1. Please give, to one decimal in nm, the separation of the simple spin-label points placed at residue 114 and residue 44, each 7 Å out from Cα toward the Cβ.
2. Could you please state, rounded to a whole Å, how far the C-alpha centre of segment 1-44 is from the C-alpha centre of segment 61-118?
3. Does the chain come out rounded, prolate or oblate, given a ≥ b ≥ c as the square roots of the eigenvalues of its C-alpha gyration tensor, rounded meaning a/c under 1.5 and, failing that, prolate meaning a/b above b/c?
4. May I ask you to derive the FRET efficiency for residue 75 and residue 14 from their Cβ-Cβ distance with R0 = 35 Å, giving the value to the nearest 0.05?
5. Find how much the distance from residue 84 to residue 24 grows on full extension, using 0.36 nm per residue of separation minus their present alpha carbon separation; answer in nm with one decimal.
6. Given points 7 Å out from each Cα along the Cα-Cβ axis, report the residue 94 to residue 107 separation in nanometres with one decimal.
7. How much net charge surrounds residue 114 when only the other residues with a Cβ under 15 Å from the Cβ of residue 114 are counted, with Lys and Arg +1 and Asp and Glu -1?
8. Before anything else, pin down the relative contact order of the chain: Cα pairs under 8 Å, at least 6 apart, normalised by residue count, whole percent.
Amino acid sequence: MAYVDGYVIPVPKKNLDAYRKMARLGAKVWMEHGALEYTECVADDVKPGKRTSFPQAVKLKEDEVVIFAWIVFKSRAHRDKVNKLAMNDPRLTSMDIKSMPFDGKRMFWGGFKSIVRA
């Protein structure tokens with residue numbers, strides 16, 4: 001079964017176009033290095049919960065939106081190989097971390113083993 005990296009990021013609404021441009025580059029880089037799928041989504045129907053939610057998890061501010069994204073790989077070993085290649089790709093290493101269009105301190109991510117896939 002597939003292995004998935006998932007992440008959630010708060011992005012200022014005014015930076016959404018810049019983020020989309022960066023995400024398209026990320027998709028290109030990860031796919032060229034062997035990822036099976038690359039998807040980035042912007043929240044459309046996400047409300048704060050009573051205890052927790054996507055907005056609460058990233059401490060969403062009024063002028064921000066939530067991005068929910070995932071990358072699919074053949075296995076964890078495949079993920080590790082592809083991520084190493086992608087993270088060392090000059091198109092990504094040349095990016096200035098300080099000029100990212102989102103607050104990376106409120107980003108969360110992780111790797112997941114698939115248990116059901118249709």
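1. Spacing of the two 7 Å Cα→Cβ label points: 2.3 nm.
2. 7
3. Here the chain falls in the oblate category.
4. In this case the efficiency is close to 0.35.
5. Stretched fully, the residue 84-residue 24 segment lengthens by 19.7 nm.
6. Inter-label distance under the simple model: 1.9 nm.
7. +3
8. Result for the chain is 49 percent.
Where a number appears in this text, it was derived from the coordinates with a stated rule and is not lab data. As the structure is a prediction and not an experimental result, all values here were calculated from the model. Every residue, glycine as well, gets a Cβ built from its backbone with ideal geometry; the counts of neighbours run over all protein chains shown.
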